[in-house]
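The values are calculated or read from the model by the stated rules, or taken from the named source; none is laboratory data. Computed from a prediction, not measured in an experiment: that's the story for all the values here. Every residue, glycine as well, gets a Cβ built from its backbone with ideal geometry; the counts of neighbours run over all protein chains shown. Quick note on the areas: whole protein, heavy atoms, side chains included, nothing else; ligands and nucleic acids left out. Shrake-Rupley method; radii C 1.70, N 1.55, O 1.52, S 1.80 Å.
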Amino acid sequence: MADEEVQRVLDAIDALGEGSATDRAQRLTQLLDQWPDTHARVREMRQQAVAELHEGGLSYRKIGELLGISFGRARQIVEGVTNPRTQKPKEPAGDDDQPG
């Protein structure tokens, strides 16, 4: 079940599909035009939150459990890796799973 705030955002996106075809097309075009910047901002906010969890003492493994992702993905998020298939970490990661 989605968090209440997340659900409101999802509901707002769904509402963009209502109304006349012209209205829908205009609203959806506007959203898509702004989406790259918005998506980047959301990724940065998540990266900061995950980094705070790690700096606060949680291991990547525990962060992964909390978020429903692998510990490796948790580490990649902290390192700023947005596409693990094509992008290398910005800074080399240590071999340990401990914060620091």
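Check whether at least one residue in region 39-47 is open to solvent by 60 Å² or more (accessible area, probe 1.4 Å), of a type in the set (D, E), under 19 Å from the mean Cα position of the chain (by Cα) and within 23 Å of F71 (Cβ to Cβ), and report yes or no. The answer is yes, given that some residue of region 39-47 is open to solvent by 60 Å² or more (accessible area, probe 1.4 Å), of a type in the set (D, E), under 19 Å from the mean Cα position of the chain (by Cα) and within 23 Å of F71 (Cβ to Cβ).
Here the condition is being more than 20 Å from N83 (Cα to Cα), outside any helix (DSSP H, G or I) and open to solvent by 70 Å² or more (accessible area, probe 1.4 Å); of E5, E65, E18, E52, it holds for E18 alone.
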